[in-house]
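*Asks:* Provided herewith is a single structure, encoded as structure tokens, for subsequent inquiry.
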Amino acid sequence: MDGYQGLTAWIESAWEELNSSDTGRRDLCLDVISDILETGRLTPDDAERTVERLVTVALSDEGHPVRESALHAACTASTHYELPYRVVEPLAIGADGFEPVLLDYVLAILGSTHDRAALPIVERFLHHPHPGVRREAAEAVKELCGSQEPTRTAQ
């Protein structure tokens, strides 16, 4: 088995373990996936498929630690791969269902797409009651618009 096959085998093994009822074990599986994404060694197609599954976990799992780990892994991927908006669009659709700490990840992921289709969703969070969410929304708007100018947020 070559190095690449080893990486994909680790990911497949982690996906299988994700079916466990043990939240800690599921969380650990997502950490493994995040570590593999951080290497930047997956093909773009494999990275996109992995992120699609992470998005599904983030939107469907009831456990906060697992949702956060899935979003963290997707965020890690967004710094090492150019993810198309279509891959993460379900996060935009479900953005209102995330707690503020998780919204930070969602907004960072949406911003990293550099696709203006995410702009209307992200802009809604410029006036969020939590300052951290407003800051992350402003950063995401900058990325989506390709601007170096800071975006004004409500204080």
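The values are calculated or read from the model by the stated rules, or taken from the named source; none is laboratory data. Keep in mind the model is a prediction, meaning the values are calculated, not measured. No Cβ is skipped: glycine too gets one built from the backbone with ideal geometry, and neighbour counts run over all protein chains shown. With ligands, DNA and RNA removed, areas are computed over all heavy atoms of the protein, side chains included. Shrake-Rupley method; radii C 1.70, N 1.55, O 1.52, S 1.80 Å.
*Asks:* For the chain, what is the calculated [θ] at 222 nm in deg cm²/dmol (nearest 500), taking -39500 (n - 2.57) for each run of four or more DSSP H residues and dividing by its residue count?
*Replies:* -22500 deg cm²/dmol
*Asks:* Go through T39, A117, P84 and say which Cα lies farthest out towards the positive end of the charge dipole of the chain; charges sit on Cβ, +1 for Lys and Arg, -1 for Asp and Glu.
*Replies:* The one lying farthest along the dipole's positive direction is A117.
*Asks:* Just grab the label-to-label distance for E52 and R116, each label 7 Å out from Cα along the Cβ direction, in nm (one decimal).
*Replies:* So the label points at E52 and R116 sit 2.7 nm apart.
*Asks:* Per q in 0.21 1/Å, what log10 I(q)/I(0) does a Debye calculation on the alpha-carbon atoms of the range 64-118 return?
*Replies:* Debye intensities relative to I(0), on a log10 scale: -0.70.
*Asks:* Just name one of S60, L102, G132: the one whose Cα is farthest towards the positive end of the charge dipole of the chain (beta-carbon charges, Lys/Arg +1, Asp/Glu -1).
*Replies:* G132
*Asks:* Specify the angular offset, from 0 to 90 degrees and rounded to the nearest 10, of the alpha carbon long axis of helix 131-145 from the longest principal axis of the alpha carbons in the chain.
*Replies:* 90
*Asks:* Report the charge-dipole magnitude of the chain in Debye, nearest 20, computed about the Cα centre from +1 at each Lys and Arg Cβ and -1 at each Asp and Glu Cβ.
*Replies:* Charge dipole of the chain: 560 debye, to the nearest 20.
*Asks:* Length gain on complete extension for the stretch R41 to I93, per 0.36 nm per residue less the alpha carbon to alpha carbon distance?
*Replies:* Answer, rounded to one decimal: 15.8 nm.
*Asks:* Taking all protein chains as present, what is the carbon and sulfur share of the accessible area of the chain, in % to the nearest whole number, probe 1.4 Å?
*Replies:* C and S atoms contribute 49 percent here.
*Asks:* Please sort 62-72, 94-104, 11-21 by packing, taking for each peptide the average over its residues of neighbouring beta carbons within 10 angstrom, highest first.
*Replies:* Packing order, densest peptide first, comes out as 62-72, 94-104, 11-21.
*Asks:* Okay, next question. I'd like the orientation of helix 23-39 relative to the chain: the angle between its Cα long axis and the longest Cα principal axis, in ° from 0 to 90, rounded to 10.
*Replies:* Roughly 80 degrees between the two axes.
*Asks:* Sticking with this one: Per residue, how much accessible area does the range 48-148 show when a 1.4 Å probe rolls over the protein heavy atoms, in square angstrom?
*Replies:* 46
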